[in-house]
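Below you'll find the structure, written out as structure tokens, and then a few comments.
What follows draws every value from the coordinates through simple rules; no lab data is involved. Note that the structure is a prediction, hence the values are computed from the model and not measured. Every residue, glycine among them, receives a Cβ derived from its backbone with ideal geometry; neighbour counts consider all protein chains shown.
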Ligand SMILES: Nc1ncnc2c1ncn2[C@@H]1O[C@H](COP(=O)(O)OP(=O)(O)O)[C@@H](O)[C@H]1O
Ligand SMILES: [Mg+2]
């Protein structure tokens, strides 16, 4: 199978600091990759390099077989959904207008196609029709997050990038959203890269988990493999709570 995303010898420097260090990774279609690691280890940087929001200092990134150096980044981003933490909705636009934003750029002469895309992505994320004409400030945090995901899905992307998307919602909403994103993945077969600093979330959602530390990939494997065969002490410590949850129940809330 050809990889959907491939990084070869990717390096990112800020001043003299090496943020991403000779990173090589290959991600297949329909994988749900969770990216986990401590704060500051380079997760967001890695994610933003996939849609060209951050350009590597050296190395190559291929999306659908094409080196992103050779493609128009605006075009690239139109088939890569991007959802981040908190409300990033346009505050002066209704839910409908927010979700319609990218599809309407695509379907300039076909208003019905945009309407259908909005309806479809609202259905997928479980947003009631009655929300259509509300403004972001009239929604709860969980609903805003759903609109953010619906907007990211509305252009029918084949890749969805998510950066700690559920970090700002309460525990119950978070667990609902986790179930929903899992279902969305199963229904659509979209390739997902999902950044989290929560190992529990990473193991729960990922078909594969990518563990990062100081700009390097420490392990990239099925969740059970991480638990059974952690690559080093860092991974072992990270997954430890998953192996003996009863010993850590106070921390698992
Ligand atoms: N624009 C920037 N200029 C300088 N340093 C940056 C910049 N963006 C990120 N960094 C640094 O790069 C490192 C990785 O950041 P980031 O990818 O955001 O980490 P994470 O998402 O894992 O918390 C951090 O040490 C951060 O301070
Ligand atoms: Mg980050």
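Structural descriptor for the chain: relative contact order 26 percent, calculated from alpha carbon pairs under 8 angstrom and at least 6 residues apart. Compared with the dominant Cα axis of the chain, that is its longest principal axis, helix 233-243 is turned about 60°. Provide the percentage of antiparallel DSSP beta bridges, counting only those with both residues in the chain; round to the nearest 5. So the antiparallel bridges amount to about 50 percent of the total. Cβ crowding within 10 Å, taken as a proxy for footprinting-reagent exposure, orders 25, 71, 125 from fewest neighbours to most as 71, 25, 125. Residues 9, 214, 92 in ascending order of nearby Cβ atoms (within 10 Å, fewest first): 92, 9, 214.
In this label model, residue 140 and residue 97 are separated by 2.6 nm, measuring between points 7 Å along each Cα→Cβ vector. Taking all Cα-Cα distances within the chain, those exceeding 31 Å account for 26%. Every Cα-Cα pair in the stretch 70-207 was counted, and those over 22 Å apart are 34% of them. Please say if the stretch 18-114 is rounded, prolate or oblate, where rounded means a/c under 1.5 for a ≥ b ≥ c the square roots of the C-alpha gyration tensor eigenvalues, and otherwise the choice is prolate for a/b larger than b/c and oblate otherwise? Here the stretch 18-114 falls in the prolate category. Can you tell which of 100, 154, 236 shows the greatest fluctuation in a Gaussian network model of the chain with Cα springs below 10 Å? Fluctuation is largest for 236. Taking every pair of alpha-carbon atoms in the stretch 88-157, give the share separated by more than 16 Å as a whole percent. For the stretch 88-157, the fraction of Cα-Cα distances above 16 Å is 37 percent. Extension gain, residue 16 to residue 111, is 29.2 nm, computed as 0.36 nm per intervening residue step minus the present C-alpha separation. Rounded to the nearest 500, the helix-only mean residue ellipticity at 222 nm of the chain stands at -11000 deg cm²/dmol, with each DSSP H run of n ≥ 4 adding -39,500 (n - 2.57).
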